[in-house]
1. Hey, among D89, D137, D116, D100, which residue is among the acidic types (D, E) and touching a Gly at 6+ places or on another chain (Cβ under 9 Å)?
2. Go through (1) modelled with pLDDT under 95; (2) closer than 30 Å to I12 by Cα; (3) open to solvent by 20 Å² or more (accessible area, probe 1.4 Å) for R155 and report which single condition fails.
3. Considering only residues that are of a type in the set (F, W, Y) and modelled with pLDDT of 95 or more, which ones fall in region 190-234?
4. Could you check region 160-200 and list, in sequence order, the residues that are open to solvent by 60 Å² or more (accessible area, probe 1.4 Å) and outside any helix (DSSP H, G or I)?
5. Where residues in region 123-142 are in a helix (DSSP H, G or I) and open to solvent by 50 Å² or more (accessible area, probe 1.4 Å), which of them is nearest to V255 (Cα to Cα)?
6. List the number of the failed condition for W210; all other conditions in (1) over 24 Å from A17 (Cβ atoms); (2) surrounded by 15 or more Cβ atoms within 10 Å (Cβ to Cβ) hold.
7. For region 143-159, what are the residues that are assigned to a helix (DSSP H, G or I) and touching a residue at least 24 places away in the same chain (Cβ under 8 Å)?
8. If a residue counts only when it is touching a residue at least 12 places away in the same chain (Cβ under 8 Å) and open to solvent by 30 Å² or more (accessible area, probe 1.4 Å), which strands (runs of 3 or more DSSP E) contained entirely in region 1-103 have at least 2 such residues?
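The values are calculated or read from the model by the stated rules, or taken from the named source; none is laboratory data. Values in this document were obtained by computation on a predicted structure and should not be read as measured data. Every residue, glycine as well, gets a Cβ built from its backbone with ideal geometry; the counts of neighbours run over all protein chains shown. Only protein heavy atoms, including side chains, enter the accessible area calculation; ligands, DNA and RNA are left aside. Shrake-Rupley method; radii C 1.70, N 1.55, O 1.52, S 1.80 Å.
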Amino acid sequence: MSGEMKSICRKIAILGATSGIAEATARLLAADGCELALFGRNEERLKAIADDLTLRGARTISLHTVDLVSSQSKSAELEKASQALGGLDGVLLFYGYLGDQTTANESEAEVRKIIDVNFTSAAEWLTASAEKVSKSDVAKPVILGVSSVAADRGRRSNYAYGAAKGGLSLFLQGMAHRMAAESNIRVVSMKLGFVKTPMTAHMERSGPLWAEPDAIAKSIVKAMNKGGPVQYAPWFWRWIMLAIRTTPAVIFNKVNL
């Protein structure tokens, strides 16, 4: 890989390692010789991913079969990963739940699930991650959470999901502000546009706005190393969302988004 594609972190926990984007990112990190702790619910799938990453160059792989949403021992789970790898230089949070806004309009349970998966549990993992990563001896340890451009403005099609991801983004921004004053930890909110993953398989995925997981993975590894605390991938979504955020309500309310 080119220099900008290499991670400066060496020992990395990946939360939600079975997601398409997480797997693509892990392949890049493995090729760079990183040591990885993979977290997810599906043990069989984790083992298959680990076998592939070993062939790609990962020095050490630790598997952690855990329900990331319902786990009541997030700090303890990360401590297991830290012990397995001999420390943690980074934590990458990938898991999420798109949900269905039409269902959420009438279902308290659906709203709760969307928020619990995308914000509540994620914030707990990030809080636990800060304590573990603070012990790293690399120059710039990193905590990165995958958010969404849906966080930038509430829209009728997905405002429950957007609200949860908006909370995640603000949490990461606040953590970044805190870490800038207290430590050398780099904290990044990664806002993604449309990506061709299993989570979006039910959608029409044609057109120039759709990205492949491999392309997003490259942006994530780059964001681990440099740039501001809020990153967009692909890059053009920064300007698309600027236009959407600044559109007056009298016009915006007439648009079906």
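1. Going through D89, D137, D116, D100 in turn, just one is among the acidic types (D, E) and touching a Gly at 6+ places or on another chain (Cβ under 9 Å): D137.
2. Here R155 clears every test but (2).
3. Y232
4. Correct list: N184, F194, K196.
5. Out of the qualifying residues, it is E124.
6. Every listed condition holds for W210 apart from (1).
7. V149, A151, D152, Y159
8. Ranges flagged: 60-65.
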